[in-house]
1. Is at least one residue of region A:205-212 open to solvent by less than 40 Å² (accessible area, probe 1.4 Å) and in a helix (DSSP H, G or I)?
2. Out of A:112, A:163, I need the residue that is on the phi < 0 side of the Ramachandran plot and assigned to a helix (DSSP H, G or I). Which one?
3. Which count do you get for residues in region A:213-240 that are assigned to a loop (DSSP other than H, G, I, E, B) and at positive phi?
4. Just to be sure, is residue B:539 buried (at least 23 other Cβ atoms within 10 Å of the Cβ) and either part of a helix (DSSP H, G or I) or more than 12 Å from every other protein chain (Cβ to nearest Cβ) (or both)?
5. Being more than 21 Å from residue B:365 (Cβ to Cβ) and within 19 Å of the chain's Cα centre (by Cα) is true for just one of B:134, B:75. Which residue is that?
6. Which residue pairs have Cβ atoms under 7 Å apart, sit 6 or more places apart or on different chains, and have a first residue in region B:301-318 that is closer than 14 Å to residue B:2 by Cα and among the hydroxyl-bearing types (Ser, Thr, Tyr) and a second that is open to solvent by less than 10 Å² (accessible area, probe 1.4 Å) and outside any helix (DSSP H, G or I)?
7. Going through region B:545-583 one residue at a time, which ones are of a type in the set (Lys, Arg), open to solvent by 20 Å² or more (accessible area, probe 1.4 Å) and within 8 Å of chain A (Cβ to nearest Cβ)?
Number of protein chains: 2
Amino acid sequence: MPLYQAPQRDMKFVMDELLDMPSHYASLPGCEDASVEIVDAIREEAAKFTTNMVAPLNQGADEIGCIWSEEGVKTPPGFKESYQQFSEAGWPGLIQDPEFGGQGLPISVGNMVHEMVLSSSLGWAMFCGANGGTLETLEAWATPEQKNTYMPKMVEGKWGGTMCLTESHAGTDLGLLRTKAEPQDDGSYSLSGTKIFITHGEHDQTENIIHIVIARIAGAPAGTKGISLFIVPKFLSDANGELGERNAVSCGSIEHKMGLHGSPTCVMNFDGAKAFLLGPANKGLQCMFTFMNNARLGVALQGVGHAEVGFQKSLDYAKDRLQMRALTGAKNPELMADPIIVHPDVRRMLLTQKCIAEGGRMFTYDIAKMLDVIQRSEDPEAKAEMDDALGLLTPIAKAFLTEQGHDSANLALQCLGGHGYIKEWGVEQNVRDSRIACIYEGTTGIQALDLIGRKIMGTKGARLTNFTKTINAFCEANQENPVVSEFTSELTKHTKEWGELAMQIGGAAAKNPDEMGAASVDFLMYSGYVVLAYYWARAAVVADKALQAGTTEEDFYKTKISTAKFYFQRLLPKTRGHVATMNTGADNLMEINADHFAF
Amino acid sequence: MPLYQAPQRDMKFVMDELLDMPSHYASLPGCEDASVEIVDAIREEAAKFTTNMVAPLNQGADEIGCIWSEEGVKTPPGFKESYQQFSEAGWPGLIQDPEFGGQGLPISVGNMVHEMVLSSSLGWAMFCGANGGTLETLEAWATPEQKNTYMPKMVEGKWGGTMCLTESHAGTDLGLLRTKAEPQDDGSYSLSGTKIFITHGEHDQTENIIHIVIARIAGAPAGTKGISLFIVPKFLSDANGELGERNAVSCGSIEHKMGLHGSPTCVMNFDGAKAFLLGPANKGLQCMFTFMNNARLGVALQGVGHAEVGFQKSLDYAKDRLQMRALTGAKNPELMADPIIVHPDVRRMLLTQKCIAEGGRMFTYDIAKMLDVIQRSEDPEAKAEMDDALGLLTPIAKAFLTEQGHDSANLALQCLGGHGYIKEWGVEQNVRDSRIACIYEGTTGIQALDLIGRKIMGTKGARLTNFTKTINAFCEANQENPVVSEFTSELTKHTKEWGELAMQIGGAAAKNPDEMGAASVDFLMYSGYVVLAYYWARAAVVADKALQAGTTEEDFYKTKISTAKFYFQRLLPKTRGHVATMNTGADNLMEINADHFAF
C-alpha cells in the first residue's frame, strides 16, 4: 500500500467534469495549450513524483526534522536531492512566466499539482509554497531589473525565497513592527531587526535565498502606513547571477514545533543587511496583500490534503481491521470478526473526511479557476466579478477548510483507535502537521473578522448577495431533478438564512462593534457549510448527468450522489448549532472582567 | 508564573458548596474523619506537591520521554525520585483500605487529588492510575492471602501495578485474545502471549511490578466466556514480600506516541510466566468490569485536567499579549496595543475552556461522590440508586469530557496563535497528551454504543427517566428564581427532548440495529451538553444563594453566574446540530459499498 496515492480520478472529475477546465483554458489568453491531454499528463507525472519521491521522505522528515548549526540549517534526509530532481523536471516553473523560464501554465494547474505535493509531505511542500509567494510578490512589484536578477534563478529552482513578516511582538498586528531600514548613498538600504516564524528562512536546498522583508524606513510613519517591502538576498549577486558577498542575514535558531518538522521555522537576524526597496515606499502592506489571496488558497488546500491523507489511511485500516461483529449480525462469519467499516459510526467518520477532501477539492479548485481569470482574462468585467467572489470566498476557504481538515485528520486517528496514537501509522503526524493551518496566514478568528467585517459589511452585503444569486440560479435550474431536489431545497433555505444572518449581525454591530466579533466565527463556519453544500449539489448534478448519459463508471457516479446525500443530511445540519449560538449577543462574552476569569 | 496552579477555590466550591461533601462524609461509614479541615489540608498539600514537584518535570518528560533497553525502561528525569517522595508522604495509600496500610479516605478525596496530579503531568499520573486500577481489582477479587502478598507493598508505593488487556488483534474486541494459561501441578499457571499498549508495563519507579493479565485457560470456551484474570508478578516473592526469582515476563519495546511521553506504553511478552488465577475462572471479563467505572472516571477527569491546564496558560497569554485594538476602540491607549482578551472571539475560546474545566469538575466530582456511596453505604437502596445513575453517567462523562477536554486544549493553542504551535509554551504538549483520552478505556464510539444500547435501551429507558426526574425536580424547585429561570426553562425543554430522542432511536433500532450506531455519537454528545447544563444551573443556584446571603467574594460568585449564562447561551445550543443530524437515519451511512469509498 503506497503512503499516499494521488486521488486522480477525483481530480479529473473536478477539473474536467465539474469545473469544465478544458473550455476555461481554451478561452483564457495564453492557456490554449492546456489541453485535457497535457493536463492529464501533468497530473500523472506529478502523481508519480509525489508518491515515489516525496511521500517516502515524510515520516523521516518528522522524526529527524531540520538541524540548526552556526553554519546553517540541514533539511531532512532526501529533501535537497529530491528538490533538485523536482527542479530538473521543471516543476518550480510550472505556472511561472515564460519570460523568466517558466512554462506559463494556469494557476489552477499549479494548484492541482500542489495538492499532491502537500499531501505527500507538508514539510517538503512548504518550501515550494515559500518560493511561490516570493515569486508572486516579485512579479507584482519588482522592477524589470530586479525581476531579471532574481526570478530566473528561482524559477529554475536554484534559489529559494521567503516572506519575512512576523516579529515576536508583531504577528497579526504587523503595524507594530520594529525592523528598520536606513537609506544608503548607493540607493540601497541597511536593514536591521529580527523576524520570527520564517518558513524555510535558512536551509541547504538551494545555493541562495531571496528574502522579502517588511520593515520601516527611518522616519516613516508609525503603524501600517509606514511599512515598506525589501529584497534581502542571502548572497549578493552580480548581473549574471554569480554569487558574491554573503549578506548580513543569518538564522539565529529554529523553532521546535508540534509538527511540520520537515520545514525549518527560523528566527532571522538582519544586522545591517543590504536591502533593496521593492515596490513603492510605505505601501508595503498593500503590496503584500497581492499575494495573500494565493497564500490563503495554498493553506486552504492544505486542509484538503490533510483530509485526503487521513481518509486514505483510515479507510485502508477500516477495511482491514477485524474487530467485533456488525450490529446487524456477522458480515464475515468465516473470519474471526468483521472489518470495522461495517460499523455506522466508523462510516460516519470516514464519510466526513471524504466530504471534506472531495468537497474542499471542488471549492479550492474553483477558487484557483477564479485566480486564472484574474491573472489572464482581458475582460475587465469578468475579472472584477471574480475578484469580488474571491474576496468573499477566500477567508471562508482558508478558515473553514483548515478547521475541517484538522478535524478530519483527527477523525482518521480516531478510526485507528490506539494504533492511531502511535507514530508508526503516520496518522498522528498528519494531525500535528495539520494543526498549524488554522493559524498561519491569518488565524480562523482573523479570517472570520475579515469575512463579516471587510467582505460583507464592507460591501454592504453586495458580495454575499452576488454569490447567493449564483447559488439560487443553480438551484432553480435543477430543482425539478428528483435526484437533487432535496439538495436544492436545503440550499435555497440556507442562502436566504445566510443573508438574514449577515443583516442581523450588521444591524447589531452598528450599535456595538463587539457584536461583530461575537458572531464572527460561527458565521464563518456557517458560511463554510453552505459553500460546500453548493459544490456537493453541483457534484450530484454532474454525476446524475453522467449516469443518465450512460457510463462504465456507475459506481463512481452513484457514490458521488450518495456522498452528497451524506453531506446534506449529516454535515450541513451542523449549521443549526452555529445559528443557535451566533446571535446570542456579545454580553455573554464581554460581561466578565478580565481579572475575574480565574480565582 | 507557575506551570500549573491547582484551582483550589473552585475545587472547594465544588466539594463544599455545590456537592456538600461535608454532610456526605459525615453520613458515610468510616468517613466521619474527613472533615472540612482535613480535606482542605489534603488539597493544600497536594496542590503544593503537584505544583512544586510534579509540574516542573512535565516538559522534560515530553522531550526526553522513556528509554527502553534490554535491561528495562528508564522513566523521565525526576520521575523515580518524585514518586518516592510521593510515597513517603503516603499519597498512594490515600483512599486504600487501612487493613493494608492505607488511610481509608473516600474515593472523592482521591479523585480531587488525582485531578491535581494529572493536570501537573499526565505521564506521571498514569503510573498512579495504573496502580490504582490494579489495587482495585485485587481488592475486589483476590484471596485474603493474595491481598496480603501484594497490596501492602503497592499501597506503600514500593511496588507498581498494571492491567494487561489488549493484544495486537484484540483491542475493543477482547474476546479475540490469544494469551494462554496452562494449569501447573502446583496450582499456578504457565502464561504465554504478547500484550500491547500496557501502561507502565515496565519501568524503574518501583522494585517490583504486579501485572493483572487476562488470558484463556487451556480448553476454556472461545470468545468472552473463556477469559480469566491472572496475577503475574515481575519478581516472585515470599510471604514476607522478599523478592525472589525474576518471572518470565519482559518488555519487548515501547511505543513511540503522539504524546504522553512520560508514561511508557509497553509491549509485554509473557513466556511461560508463573501466573496465579485471580477471581473465578472464565469470569475474567465480568471481574474486569468492576474497575471499569473507576477507570473511566479517571479518564473523564483527564478531560477536566486538560481543559484546566490549557485554560490557565491561554488566559495568562491573553491577558499579557498586546496585539491590535479592541473593536470598540483602544482600551489601553497608553500601550502599543490592547491585550487580546479584549476580543470577543478570544473570550469565546477562553470561556469555552473555563466551562469545560469547571463544569467537568462538578460532573466528575459528583460521580466520585456516587462511587463513595457504592463503596461505603450500608443502605442497599441508596447504593442501587447510585449504581443506576453511575451506569448512565459514566459513558457520558468519559466520552463527552475527553472530547471537550481535547477541543479545549486545542482552543488554548489557538489563543496563542503561532506561539501555541511551538513547544516552548507547553500548550501543544497538552493537545498531544489529551488526544489519547478519547481512545483508551473505550473510544468515544464505544462509550456511545454503551450509553444508548446497554444503559438506555437495555433498561427500557428507566435510568434516563430517573435522571431526568432528578433534573426536572431541581428545575421545578428553582424556576421562580429570576437569576436561573432562563436556565431551568432551557433544561426542562432539553430533558423532555432527551427522552424523546432516546425513544425515537430505540424505535428505529428495533427495526434496524444500525440505526442505533448511526445515532449513537450524536446522542452521546447531546447527553453531555445536557448533563453539563444541569451542573452549571446548580452552580448558578449555589452562587446566587451565596450572593443573597452576603459574601466578601462577590466577584467569584457573580462570575459563576455569568459563566453559567455563557454555557447556556453559547455551548448548550450546540445540541441543535446534534439533533439535526442524529435522526437522519442509517441509510446515508450504510448505502455506500465498502469498496466504493474511494476510486
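The values are calculated or read from the model by the stated rules, or taken from the named source; none is laboratory data. As the structure is a computational prediction, the values presented were derived from the model and not from experiment. FYI the Cβ positions are ideal-geometry reconstructions off the backbone, even for glycines, and counts take in every protein chain you see. These area figures cover heavy atoms from the full protein model, side chains too; ligands, DNA and RNA do not enter into them. Shrake-Rupley method; radii C 1.70, N 1.55, O 1.52, S 1.80 Å.
1. Here is the first cut: in region A:205-212, the residues open to solvent by less than 40 Å² (accessible area, probe 1.4 Å) are A:205-206, A:208-212.
Filter again for in a helix (DSSP H, G or I), leaving none.
No.
2. Numbers: A:163 fails: assigned to a helix (DSSP H, G or I).
When all the criteria are applied, what remains is A:112.
3. Applying the first criterion (assigned to a loop (DSSP other than H, G, I, E, B)) to region A:213-240 yields A:218-222, A:227, A:234, A:238-240.
If we keep only those that are at positive phi too, we end up with A:219.
Total satisfying the criteria: 1.
4. Details: buried (at least 23 other Cβ atoms within 10 Å of the Cβ): yes; either part of a helix (DSSP H, G or I) or more than 12 Å from every other protein chain (Cβ to nearest Cβ) (or both): yes.
Here the answer is yes, as residue B:539 does meet what is asked.
5. B:134
6. Cβ pairs passing all conditions: B:314/B:416; B:317/B:416.
7. Those that are of a type in the set (Lys, Arg), open to solvent by 20 Å² or more (accessible area, probe 1.4 Å) and within 8 Å of chain A (Cβ to nearest Cβ): B:558, B:565, B:574, B:576.
Yes or no, residue by residue, for (1) of a type outside the set (Asp, Glu); (2) out of contact with any strand residue (DSSP E or B) (no Cβ under 7 Å at 6 or more places or on another chain); (3) away from every other protein chain (no Cβ under 14 Å); (4) surrounded by fewer than 18 Cβ atoms within 10 Å (Cβ to Cβ):
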{"residue": "A:92", "(1), (2), (3), (4)": "yes, yes, yes, no"}
{"residue": "A:107", "(1), (2), (3), (4)": "yes, yes, yes, no"}
{"residue": "A:118", "(1), (2), (3), (4)": "yes, yes, yes, no"}
{"residue": "A:121", "(1), (2), (3), (4)": "yes, yes, yes, no"}
{"residue": "A:130", "(1), (2), (3), (4)": "yes, no, yes, no"}
{"residue": "A:141", "(1), (2), (3), (4)": "yes, no, yes, no"}
{"residue": "A:153", "(1), (2), (3), (4)": "yes, no, yes, no"}
{"residue": "A:183", "(1), (2), (3), (4)": "yes, no, yes, yes"}
